[in-house]
Amino acid sequence: SPAMTARPAWTIRYRYEDGARDCESVAVDVPRGRVLLLSKDAHTPALYELPLSPADRAAVQTARRIGEIRTIPPPVGGLRRGILARIGSLTTAMDLTPDGRRLAVLTYEHAYLFERGTNEEWAAVLARPPARLELPEVAPATVRKREALCWGAGGRDLFVTGEQTPAPILHVAPASDTRTP
């Protein structure tokens, strides 16, 4: 097959308003024109936002803190021994449905779903306990650390994989409305 080349349409240079962060989770909120960044913090992951298309593309943008997740359970030992017992709840990926309503957050061990109402701010959404999504069971050696997730076309199905080989793609079909009462 012929070689293919992709060139970025634009680049966004940025810094966090409260200092450097470890961040592996990025999503684009197309309806609101924002880029979302979720810090990889063992205690309280923080959500930041940037403009998707800044007016001055040459300027360094500031990622503004807009919320935190205090509702993902901390890692526990038990059946998950070794490294997952220590890092299981670190956030590794996130994605937003095309309509900007459902945010899926992945940790090394589980996936969580936050649902936003019309005009609801992310700080309020992230303050509620998320729905924990059941990930397909696979042999521990198959997907050692789950580190990538994305919504399928239409925002109905989620796909999860890892960064080590082999890296099977796991399919998750969340319920249509998983909000907690």
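The numbers here are math on the coordinates, done by the rules we state, and not lab data. The shown structure was predicted, so the numbers you read here are calculated from the model rather than taken from an experiment. Cβ: placed from backbone, ideal geometry, glycine included. Neighbour counts: every protein chain shown.
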(message) Going by amide H atoms built from the backbone, whose H comes under 5 Å of the H on residue 41, apart from near neighbours?
(response) 46, 91
(request) Would you mind checking which residues have amide H under 5 Å from residue 163's amide H? H placed 1.01 Å from N; only 5 or more apart, or other chain. (result) 145, 147
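So how do 37-47, 7-17 stack up, highest first, on mean other-Cβ count within 10 Å?
Going by the mean number of other Cβ atoms within 10 Å, highest first, we get 37-47, 7-17.
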